[in-house]
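Here is the structure we will look at.
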Amino acid sequence: MVKKYIYGIPFETDAVVEQMKQEPEDAKLSVGKMELLENGGFSYTIPLEAADIIYGLGESNRGINKRGYVYESFCTDDPVHTEEKTSLYGAHNFIVISGSKQIGFFFDHPGRVRFDIGYTRQDQMVISAKEANFVLYEIMEESAYDVVRRFRKMIGQSYIAPKFAFGFGQSRWGYKTADDFRRVVQKYRENQIPLDLLYVDIDYMDRFMDFTVNPEEFPDFPAFVKEMQEQGVHLAPIIDAGVKIEPGYDVYEEGVENGYFCKNEDGTDFEATVWPGWTHFPDVLNPEARKWFGDKYERLISQGIDAFWNDMNEPAIFYSRRGLDALTRKAHAFHENGDEIVTWPLKDEVLGVANSLEDYKNMYHLIDGKLVSHERVHNLFGYNMTRAASEAFERIAPDRRFLMFSRASYIGMHRYGGVWTGDNHSWWSHILLSLKQMVNLNMCGFLYCGSDLGGFGANATRDLVLRFLALGVFSPLMRNHACMGTREQECYQFEHPEDFRGVIGARYRLLPYIYSEYMKAVLRSELYFKPLGFVYPADEIALQIEDQAMIADEVMIAPVYTQNAIGRPVYLPEPMTMVRFSGPDCELSEEKLAAGWQFVKVALNEVVFFVRSGRKIPIAEVAMTVDQIDETNLQYVGDQDAEYELYQDDGVTRDFL
Ligand code: GLC
């Protein structure tokens, strides 16, 4: 059962697609106490029982169970995902209380929302925001799992990626020339490590101008795209939110002429710096501007491109005109006062110019003829940038699927693209964080998701990349990506690249299963990743498990996420078949395990997972690209007497219903 409550005059986010009637104005909420505050905000307090588990909040930091910390939905470009951070790139205001009651809440509000989940007081959850203009949905079902399924129906069908997007992709910020890309492909092919995608980071552009290609490095880009395709590789260029201010650059000129950029309060175009220097932001909340920006993707599509990633769309701001002026004034005043000796307050001011709230307050969208401060609708930017692209794809090639994923997101964007979890690090703790994020992202509709495997920031080690990849084998998006200046972490950069062949090979052996389960989950509003507690709600231990996850109805995974480990303890809520892919040739073996705790050995060149009792899953032979997988000749692992419903389609068209 869903109840919809409207407070004040909410901003239409288009997050929910299901039409439903609202509760009468004086209706009481089913649980807790809602207070509308004098300052215009709200504070909603819900009591928590000792055993209640809180699921949800999508990509946010920390556990699968969110209890015991505070989180803020405010899309943030923060590349250091340490435990204390309260906001990352996504804003996913869906939470579920599971325990004494089974109830979900969706706060449809595009400004900052704070979730104090047993942080200030361990026996209550307080949700608050500065503005009391929002829609609150209460979802009550028999189980937490049912609450999630009901929620997924409300928000509409998740984005469907093309099948090639389930292949392995290599990325690095720093590939510049056509030869840089050729070398990567050659090395992968030479080492017989499967590869389907190469991600093309900002350096392909002409001085970081969106939708352009550097003419010196890529004099004939369509021919280069084709050359890569002939090698079985799709190129996926990045598109950034900021449009370079550059007279003569048509995207800039058209945007200015038609009023398609975000504004200052006086109606002039808002300026901030990002990679290209001074930029304007397309006003993607304005449907006309959204259409205009989306249509620009056609420039790359017409050159053979079928995959993109949208970045810096929180939107990230290095500094604005206002920020720079204020800082300069402060620095002058500071030095004139002779305060040079204690300069640290000024240092904080310098750091504070990036992604500053003052800038978000002073940037405006033109909505229905009125200027709306960006701060109020901040979380909708990445969502609508991705929607711009996706709606354009439908106009440009109505029958085709494109790969599209974004860094910033809000619930609703899951219909238009997937997400990656942004600039993580080559840290062991980030393998585990990735697993937790994917479980909660799935609840919010983001089925096509993944993290930078091997870690984006900091220097990776061989063992970390192998363990990260072994988790990535199971995430729909499987991409190795790294930051410029860090140790090179392509699979062939390390000793014994054949071990990487084995681990990535496991992905291709599992691909018919992974694709089939992803598609079924999308088409049925089901979960691809889920917490153990959804499958074994009566099992006290399963409810606590934060480092294992279920995939669809058949599989359980338990990644190794500590260095120098020969394996790890795994909790089996029921007897399962342990499946192991070993060594460069990805050899398959099976072993029946009893329920309970087991210590499972996993070598660096192995991928291990577990198939539930009474289930089986299909396995293919290794192939170098998704296209080459032979799906006519599948074998099954698990319980041979079980049934398995294999979903197959052409993987390219939208003919999937
Ligand atoms: C951002 C992205 C990262 C990308 C870099 C350069 O930090 O999150 O993935 O490599 O920008 O475009």
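The values are calculated or read from the model by the stated rules, or taken from the named source; none is laboratory data. In this text the structure is predicted, and so the values were computed from the model without any measurement. Glycine also receives a Cβ, built like all others from the backbone with ideal geometry; neighbour counts cover every protein chain displayed. Surface areas here come from the heavy atoms of the whole protein model, side chains and all, with no ligands, DNA or RNA. Shrake-Rupley method; radii C 1.70, N 1.55, O 1.52, S 1.80 Å.
At-a-glance table
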read-out	value
In Hz, Karplus ³J(HN,Hα) per residue of the range 444-450 (6.51, -1.76, 1.60; θ = phi - 60°; x = Gly, Pro)	8, x, 8, 7, 8, 8, x
Rg(Cα) / (2.2 N^0.38 Å) computed for the range 449-513, rounded to two decimals	1.06
Convex hull (Cα only) mean projected area of the chain, reported in nm² to one decimal	30.0
Probe 1.4 Å, all protein chains present, accessible-area order of 130, 436, 21, largest first	21, 130, 436
Normalised per residue, the volume of the convex hull around the Cα set of the range 525-657 (Å³)	143
Built amide H within the under 5 Å cut-off of residue 307, gap 5+	403
Summed side-chain charge close to residue 366 - residues other than residue 366 whose Cβ falls under 10 Å, Lys, Arg +1, Asp, Glu -1	-1
5 angstrom amide H check on residue 600, placed H, neighbours 5+ away	568, 570
Per residue solvent-accessible surface (Å²) - the chain, probe of 1.4 Å	37
3J(HN,Hα) from dihedral phi, the range 647-654, Karplus parametrisation 6.51/-1.76/1.60, rounded to Hz, x for glycine, proline	8, 9, 8, 6, x, 10, 8, 8
√(5λ) per eigenvalue of the Cα gyration tensor, the range 278-362, largest first, Å	40, 13, 10
Rounded to whole Hz, the Karplus (6.51, -1.76, 1.60) HN-Hα couplings of the range 463-478, x for glycine and proline	5, 5, 5, 4, 5, 4, 5, 5, 6, x, 3, 9, 8, x, 8, 10
For the range 196-336, Kirkwood radius (reciprocal of mean inverse C-alpha pair distance, Å)	16.6
FRET efficiency, residue 603 to residue 640 (Cβ-Cβ, R0 30 Å, nearest 0.05)	0.65
All-pairs Cα distance distribution in the range 148-221, expressed in whole percent, bin size 5 Å	3, 13, 17, 16, 14, 12, 9, 6, 7, 3, 0
Probe 1.4 Å - accessible area at residue 570, Å² to nearest ten	0
Solvent exposure, largest accessible area first (probe 1.4 Å, DNA, RNA and ligands not counted), of 361, 163	361, 163
Order of exposure, largest accessible area first, which applies to 235, 543 with probe 1.4 Å	543, 235
Cβ-based net charge around residue 409, under 14 Å, with every Lys or Arg adding one and every Asp or Glu removing one	-2
Separation between Cα centres of the range 297-343 and the range 114-153, rounded to whole Å	34
Fraction of beta bridges assigned by DSSP in the chain that are antiparallel (%, nearest 5)	75
